[in-house]
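> To start, I am sharing the structure in question, which I have written as structure tokens.
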Amino acid sequence: VNVLFRPIEKINAIVESYPKGIAGFRRYVELLETEPDVQDSPNAKDVGHLQGHIRYRDVTFGYEPGSPTLSKINLSIRAGETVAFVGPSGAGKTTLCSLLPRFYEVDEGSISIDGMDIRGLKLESLRRQIGIVQQDVFLFAGTIRDNIAYGKLGASEEEIWEAARRARLEDFIRSQPEGMDTIIGERGVKLSGGQKQRLAIARMFLKNPPILILDEATSALDTETEAAIQQSLAELSAGRTTLVIAHRLATIKNADRIVVVTEDGVSEQGRHEELVEAGGLYSRLHQAQFGTA
Ligand code: ATP
């Protein structure tokens, strides 16, 4: 199956309903032929725009039966709040976030948004409300315009430019002789890591979901790019419930709340200063990772 010959609508429908894992974008071709494990329940509801109040209640989940990755997680996230998840590698930060769009189904407990159990919502409807920005940005061979418009089918030219502007991608586009018609991808203009991130952010401005999941890049961009992207992301997350799988000190410091995830579950939560003050795991992790308290 050659995904590039499919109309964008089709690709979008597939990506919106891909069944497995937060890293699913990478595997989109495989997924064309995969039957999703997670399906709509018979009475699944279509919901309009959600506020984004998220609640995990005694959530237990494991990839293999009998060995839970997450045990009895309880977490309440206010609409509009930015929560940074930190913790040792493999503790389950990514897993925790991937349960929200129902890439996997909880084994026990429940997750609700605005008081509604997510299992009672249509997958399409649920995933329309959740935007994901991750390290591996999914780009297809096509114009910059099409790649941005992927965030919202049928977006107007004006909306696309507005999204590009807010993601600070406008100058780059204007510097290209073909502008929005510039072909990117394997045979076209190669984008830098920072430009790809901005494109992903532009898509999210178009998609305009009430809930965002940001899977921060572990590999560093240059400092200037980093600062600009942090700023775009801050603007993007304003007014949206944002879950960040955090690796950056700036993100962590600016979060409304830091949630420390360990193998035993949520071990600490609070603001940066509070957790440093408390002298627990966070302060040690923070010391080890960033060297300063
Ligand atoms: P990191 O900071 O390294 O990204 P994390 O805290 O996000 O780690 P997860 O990626 O959620 O941790 O992984 C939690 C555990 O679940 C790990 O032991 C990991 O090996 C395992 N795991 C993750 N994805 C899968 C999968 N698709 N199938 C089986 N096991 C998985």
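The values are calculated or read from the model by the stated rules, or taken from the named source; none is laboratory data. Note that the coordinates shown come from a computational prediction; the quantities given were computed from them, not determined experimentally. We place every Cβ from the backbone using ideal geometry, glycine too, and count neighbours over all the protein chains shown.
> Could you tell me which residue of the range 214-249 is nearest to residue 90 (Cα to Cα), considering only residues that are more than 16 Å from the ligand (Cβ to nearest atom) and of a type in the set (A, V, I, L, M, F, W, C)?
Among those residues, the one meeting the criterion is 221.
> If residue 288 passes every condition in (1) surrounded by 16 or more Cβ atoms within 10 Å (Cβ to Cβ); (2) more than 23 Å from residue 193 (Cα to Cα); (3) of a type in the set (A, V, I, L, M, F, W, C) but one, which one does it miss?
Answer for residue 288: the failing condition is (1).
> Spot the failing condition for residue 273; the list is (1) closer than 21 Å to residue 81 by Cβ; (2) touching an Asp or Glu at 6+ places or on another chain (Cβ under 8 Å); (3) of a type outside the set (Val, Ile, Thr); (4) surrounded by fewer than 19 Cβ atoms within 10 Å (Cβ to Cβ), and only one is missed.
Result: residue 273 passes all but (2).
> Scanning for something more than 30 Å from residue 56 (Cβ to Cβ) and surrounded by fewer than 20 Cβ atoms within 10 Å (Cβ to Cβ), does the range 201-211 turn up at least one residue?
There is no residue in the range 201-211 that is more than 30 Å from residue 56 (Cβ to Cβ) and surrounded by fewer than 20 Cβ atoms within 10 Å (Cβ to Cβ).
> Can you pull out the residues in the range 71-129 that are in a strand (DSSP E or B), touching a residue at least 40 places away in the same chain (Cβ under 8 Å) and among the polar types (S, T, N, Q)?
Across the range 71-129, the qualifying residues are 71, 74, 82, 110, 112.
> Further, regarding this structure: What residue, of 89, 98, 71, is closer than 15 Å to residue 215 by Cβ and in contact with a Gly (Cβ under 8 Å, 6 or more places away or on another chain)?
98
> Within the range 46-93, how many residues are more than 18 Å from residue 107 (Cβ to Cβ) and β-branched (Val, Ile, Thr)?
Here the count works out to 6.
> Considering only residues that are within 22 Å of the chain's Cα centre (by Cα) and within 15 Å of residue 120 (Cα to Cα), look in the range 41-55 and name the one that is nearest to the ligand (Cβ to nearest atom).
Out of the qualifying residues, it is 54.
Residues checked against (1) within 9 Å of the ligand (Cβ to nearest atom); (2) within 18 Å of residue 257 (Cα to Cα); (3) modelled with pLDDT under 95; (4) surrounded by fewer than 18 Cβ atoms within 10 Å (Cβ to Cβ):
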{"position": "75", "(1), (2), (3), (4)": "no, yes, no, no"}
{"position": "79", "(1), (2), (3), (4)": "no, yes, no, yes"}
{"position": "83", "(1), (2), (3), (4)": "no, yes, no, no"}
{"position": "98", "(1), (2), (3), (4)": "yes, no, yes, no"}
{"position": "105", "(1), (2), (3), (4)": "no, no, yes, yes"}
{"position": "108", "(1), (2), (3), (4)": "no, no, no, yes"}
{"position": "117", "(1), (2), (3), (4)": "no, no, no, yes"}
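> Which residues, counting only those in the range 205-241, are of a type in the set (Asp, Glu) and over 21 Å from residue 289 (Cβ atoms)?
Correct list: 224, 235.
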